[in-house]
Amino acid sequence: MKVRFLFLLFFLSTNLLFGQKINLTVQGDVNFESELKAFINKDVSYISVAEMRNKIGLEGTTKTNLKISTFIFEDSELTFFADSPYFRVDNDIYKLPVNSIWSGGNVCVPFRPLVSLLNKQIFEGRFDYTRKPKFHLTVTKYHLKFGDNNLVSVEFDEKLNGTLIKIRTPKPFPDESIQSWVHDSGWLYLTVHNGKLDTNNFKISNLPKIIKEVILVQNEESAQISFKLSEKVEELDVYQTQNPSFIVLTLRDQRSKSLDDYFAQLETQKELWKIDTIVLDAGHGGKDPGAIGNKSLEKDVCLAIVLKLGKMIEKELGIKVIYTRKTDEFVELFKRGQIANEANGKLFISIHANSNKNKQSHGFETYFLSPSKSEKAAEVAEKENAVINYEDDQSIYEGFDDAGFIVASMMQSEFVKESQSIAAYVQKSVEKNLTVRDRGVKQAGFLVLWRTSMPSILIETGFISNPEEEKKLTNPSHQTKIAKAIVDGLRKFVHTY
Ligand SMILES: [Zn+2]
């Protein structure tokens with residue numbers, strides 16, 4: 001019989017932001033409950049795929065060399081990639097609003113958007129949130145004691161997006177005994193039926209910024225604790241925990257609102273895809289000379305053109321430029337993609353110079369990532385990809401040739417239209433501005449374009465193996481002309497996009 005899992009992920013939305021543990025329950029043939037460790041990175045909660053896998057008892061693997069983690073849920077294999085917003089369910093590709101990351105030897109996924117995507121689009125209604133909190137308690141510097149009654153003390157925890165007020169109790173009260181509200185006057189009241197306070201032994205030492213004053217009142221049938229607030233509270237939540245037993249008030253302030261809007265904002269930003277950062281990649285470098293001419297090396301030509309191009313883009317287009325290298329240094333191919341993704345680049349341009357056994361070959365060509373259409377294009381890609389022979393750990397690129405490449409090009413497929421269009425504008429501008437042979441726009445499988453999450457092109461600026469063209473490529477004024485032609489092409493693209 002097929003095991004049917006029903007995921008019930010119990011947590012309060014604030015819990016994830018404040019705390020670092022998620023209570024997970026799986027209901028299937030075997031009921032299962034466990035606590036998952038989450039951690040927060042740049043305001044996003046992440047859970048390791050291995051943690052999900054192990055705690056729920058699902059099959060799957062982590063390939064450390066590829067930074068890929070998988071798990072199998074029912075008949076589907078889910079594959080997650082580090083430093084990438086994509087994940088795969090069998091052969092379908094989905095995109096998260098933020099990248100998965102690599103941490104502790106595993107891919108860690110942004111938990112909230114993942115679960116909501118799985119629930120809404122993939123395993124309908126199978127993943128669920130409920131509001132039942134379990135707190136990860138932290139040591140707090142604010143601690144007020146009330147004496148040995150049933151409302152023992154209050155602790156304050158200041159968090160990124162608000163403040164927790166935790167009232168220690170020997171054991172939980174019936175929920176209906178507890179009432180809390182914020183009055184327009186800026187007072188937060190907590191009333192506990194049958195609550196007992198020791199108002200005499202109460203001393204205020206230091207308070208968090210949001211609390212100006214605390215007043216305790218013991219009535220005959222209830223106790224009231226009042227907090228004078230210094231800021232407006234967006235949301236108040238009240239609940240109790242056991243072991244240890246607390247009444248918890250969560251005050252979410254303005255900052256939490258901006259967190260809630262975080263993913264919505266990301267979506268909007270994506271729609272308003274604006275080229276505000278261009279990543280320039282000078283091919284080769286350091287121990288990898290690239291193609292070798294009569295008197296020059298490809299790596300030096302690439303760098304010279306890239307530095308000129310970068311200055312021109314910033315000056316003429318007013319777009320920020322990030323370089324994968326600015327000096328003669330060796331940078332692994334995967335790192336180039338990483339630099340681009342981390343810089344949140346909107347366009348990736350890799351600059352190279354070509355070579356051929358036939359010394360007559362000459363001309364300028366622009367590539368975008370896609371399976372090679374011609375043997376010649378495949379040869380160029382093969383030559384450029386060979387630089388990984390300089391790298392210590394080539395296993396990182398395993399799988400690029402077959403399945404990996406298909407995934408990679410699908411990831412890039414979202415940008416193929418833009419990449420192709422940019423390539424066309426650049427190539428057209430070169431044809432207009434330079435007296436070099438126009439070899440056209442081509443497509444091939446370049447490793448360096450593999451994992452960039454943005455439109456990406458690779459330019460072969462000329463043949464260093466052709467003595468005449470080598471002379472041009474090493475001539476600063478020709479390099480400037482190349483840069484100018486590329487900038488003109490980019491300008492046209494930016495204006496029409
Ligand atoms: Zn090259």
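Taking the residues in the stretch 326-354 that are buried (at least 22 other Cβ atoms within 10 Å of the Cβ), of a type in the set (G, A, S) and farther than 17 Å from W102 by Cβ as candidates, determine which candidate is farthest from the ligand (Cβ to nearest atom). Checking each candidate, the answer is G345. Checking the stated criteria, K95 turns out to be in contact with a helix residue (DSSP H, G or I) (Cβ under 9 Å, 6 or more places away or on another chain) and under 22 Å from T452 (Cα atoms). When R336 is tested against (1) at pLDDT below 70; (2) assigned to a helix (DSSP H, G or I), only condition (1) is not met. In the stretch 279-306, of all residues being touching a residue at least 40 places away in the same chain (Cβ under 8 Å) and among the basic types (K, R), the one that is nearest to the ligand (Cβ to nearest atom) corresponds to K287. With the condition kept exactly as written, say whether any residue in the stretch 114-132 is outside any loop (DSSP other than H, G, I, E, B), of a type in the set (A, V, I, L, M, F, W, C) and modelled with pLDDT under 70. The answer is yes, given that some residue of the stretch 114-132 is outside any loop (DSSP other than H, G, I, E, B), of a type in the set (A, V, I, L, M, F, W, C) and modelled with pLDDT under 70.
Among residues that are within 16 Å of the ligand (Cβ to nearest atom) and either in a helix (DSSP H, G or I) or modelled with pLDDT of 80 or more (or both), V387 is included.
Would you call L458 at pLDDT below 75, under 25 Å from N341 (Cβ atoms) and buried (at least 22 other Cβ atoms within 10 Å of the Cβ)?
Numbers: at pLDDT below 75: no; under 25 Å from N341 (Cβ atoms): yes; buried (at least 22 other Cβ atoms within 10 Å of the Cβ): yes.
The answer is no for L458.
The one condition from (1) surrounded by fewer than 18 Cβ atoms within 10 Å (Cβ to Cβ); (2) away from the ligand (no atom under 16 Å from the Cβ) that M312 does not meet is (1).
The single residue among L188, L249 that is over 30 Å from E316 (Cβ atoms), surrounded by 17 or more Cβ atoms within 10 Å (Cβ to Cβ), under 38 Å from the mean Cα position of the chain (by Cα) and at pLDDT 90 or above turns out to be L188. L144 satisfies every condition listed in (1) at pLDDT 85 or above; (2) of a type outside the set (D, E); (3) more than 30 Å from S45 (Cα to Cα) except (1).
Within the stretch 312-332, residues that are of a type outside the set (G, A, S) have Cβ atoms under 6 Å from residues that are exposed (fewer than 13 other Cβ atoms within 10 Å of the Cβ) and not in a strand (DSSP E or B) in these pairs: F330/K287, counting only partners at least 6 apart in sequence or on another chain.
Let's see how each residue does on (1) over 30 Å from the mean Cα position of the chain (by Cα); (2) under 15 Å from I457 (Cβ atoms); (3) among the acidic types (D, E):
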site: T277; (1), (2), (3): no, no, no
site: A304; (1), (2), (3): yes, no, no
site: L309; (1), (2), (3): no, yes, no
site: E342; (1), (2), (3): no, no, yes
site: F348; (1), (2), (3): no, yes, no
site: N356; (1), (2), (3): yes, no, no
site: Q360; (1), (2), (3): yes, no, no
site: T366; (1), (2), (3): no, yes, no
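The values are calculated or read from the model by the stated rules, or taken from the named source; none is laboratory data. As the structure is a computational prediction, the values presented were derived from the model and not from experiment. Positions of Cβ are generated from backbone atoms using ideal geometry, with glycine treated the same way; all protein chains shown enter the neighbour counts.
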